[in-house]
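Contents: one structure, followed by commentary.
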Amino acid sequence: MRILPGVLKELLKHVPTVLFEVVEWKVLASELPKLSRRLLQKEGFEELFDKQHSFLEPFGIHLVTDIHSPGKFGSVEASEKILALYFAQLFSPHGLFLDLGPNHLDFNSGGLNYAPNGLWTKFHPQFSQGLQKIYDGFYLENEALFHEGLLTCGLTSPKWPQAEKDALAQLFKSHFGASLTSDMSFDLETFKQSFFKVADFMLEKKVVISTDFLYLGIALVTLYSSLESNNSKVNVKKVYLTVKEQLQIQ
């Protein structure tokens with residue numbers, strides 16, 4: 001951790017340390033220097049910026065190189081756009097920028113401006129597919145699909161008793177809060193505690209997870225930081241389904 005850039009150190013402070021214990025150390029040791037190069041040397045940044053710029057424009061999300069009024073939100077519409085940025089990137093075939101913190105965002109009548117830093121990744125196809133199944137399963141209220149997503153991501157095992165699969169599924173659902181039945185507000189500390197419980201459960205079960213899950217944690221922590229600072233309740237299910245519908249139209 002001592003050799004990492006300051007920005008990355010600061011982000012990882014907010015990710016439960018137990019996550020580092022459920023990622024294979026050799027893999028993590030090779031991935032963290034890669035993230036450092038992307039932050040410091042902008043490795044791969046221009047290519048992803050150009051592709052993601054075109055991909056996100058139809059959602060009213062504009063990738064820019066500089067933010068004039070960082071953290072300027074103050075409306076439900078702004079929170080909806082921030083969520084749309086997160087969800088749309090999950091479906092992007094190009095990769096995703098991970099730092100969705102308020103210093104990289106502002107909102108005006110023209111939409112959401114996002115100035116990403118060099119912290120990016122591209123999920124492995126299996127993890128990406130599993131993650132989409134988890135969200136589909138939750139918001140479409142398809143329990144079988146939700147469990148299939150956890151299995152595809154490598155977060156559960158077919159060898160586990162059903163009771164243990166159900167226990168982890170329930171912990172995961174706590175991340176979604178009340179977003180299935182009502183508008184949701186966002187509290188970073190509450191999210192971190194629920195994330196810790198998931199990681200702790202996997203550590204107890206000796207599940208070795210991919211670094212993709214760690215990167216997802218960074219994206220979610222920074223997402224919650226922005227949404228908490230905006231202090232608006234949002235219909236998360238509606239945003240998710242709208243993003244999915246728009247992607248099918250494109």
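The values are calculated or read from the model by the stated rules, or taken from the named source; none is laboratory data. Bear in mind that the values here come from a model prediction, so they are computed numbers and not experimental data. Neighbour counts are summed over all protein chains in view; Cβ atoms, including those assigned to glycine, are modelled from backbone coordinates with ideal geometry.
Of the residues making up segment 26-49, just one is at pLDDT below 80 and acidic (Asp, Glu), namely Glu31.
Checking the structure you have, find out if any residue of segment 104-115 is in a loop (DSSP other than H, G, I, E, B) and either touching a residue at least 60 places away in the same chain (Cβ under 8 Å) or in contact with a strand residue (DSSP E or B) (Cβ under 8 Å, 6 or more places away or on another chain) (or both). Looking for residues that are in a loop (DSSP other than H, G, I, E, B) and either touching a residue at least 60 places away in the same chain (Cβ under 8 Å) or in contact with a strand residue (DSSP E or B) (Cβ under 8 Å, 6 or more places away or on another chain) (or both), one finds at least one in segment 104-115, hence yes.
In segment 46-63, is there at least one residue being β-branched (Val, Ile, Thr), closer than 20 Å to Gly118 by Cβ and in a loop (DSSP other than H, G, I, E, B)? No, the conditions are met nowhere in segment 46-63. Quick one: in segment 151-191, of everything that is charged (D, E, K, R) and either more than 18 Å from the chain's Cα centre (by Cα) or buried (at least 20 other Cβ atoms within 10 Å of the Cβ) (or both), which residue is farthest from Val239 (Cα to Cα)? Ranking the qualifying residues of segment 151-191, first place goes to Lys159. Considering only residues in segment 37-50 that are surrounded by 15 or more Cβ atoms within 10 Å (Cβ to Cβ) and touching a Pro at 6+ places or on another chain (Cβ under 9 Å), the one that is farthest from Gln89 (Cα to Cα) turns out to be Leu39.
Residues in segment 161-202 that are in contact with a strand residue (DSSP E or B) (Cβ under 9 Å, 6 or more places away or on another chain), in contact (Cβ under 8 Å) with a residue 60 or more places away in the chain and of a type outside the set (Phe, Trp, Tyr): Ala199, Met202. Would a scan of segment 127-150 turn up a residue that is of a type in the set (S, T, N, Q), over 22 Å from Gln248 (Cα atoms) and either surrounded by fewer than 20 Cβ atoms within 10 Å (Cβ to Cβ) or modelled with pLDDT of 95 or more (or both)? Checking segment 127-150: not a single residue is of a type in the set (S, T, N, Q), over 22 Å from Gln248 (Cα atoms) and either surrounded by fewer than 20 Cβ atoms within 10 Å (Cβ to Cβ) or modelled with pLDDT of 95 or more (or both). Among the residues of segment 55-82, write down those that are more than 20 Å from the chain's Cα centre (by Cα) and small (Gly, Ala, Ser). Those that are more than 20 Å from the chain's Cα centre (by Cα) and small (Gly, Ala, Ser): Ser69, Gly74, Ser75. Looking at segment 218-237, can you tell me whether even one residue there is surrounded by fewer than 17 Cβ atoms within 10 Å (Cβ to Cβ), of a type in the set (Lys, Arg) and free of Cβ contacts under 8 Å to residues at least 60 places away in the same chain? Within segment 218-237, not a single residue is surrounded by fewer than 17 Cβ atoms within 10 Å (Cβ to Cβ), of a type in the set (Lys, Arg) and free of Cβ contacts under 8 Å to residues at least 60 places away in the same chain.
Of everything in segment 175-204, what is among the aliphatic types (A, V, I, L, M) and under 20 Å from Gly101 (Cβ atoms)? Give them in sequence order. Selection gives Met184, Leu188.
Restricting segment 192-246 to residues that are under 18 Å from the mean Cα position of the chain (by Cα) and among the basic types (Lys, Arg) leaves a set whose member that is nearest to Lys165 (Cα to Cα) is Lys197.
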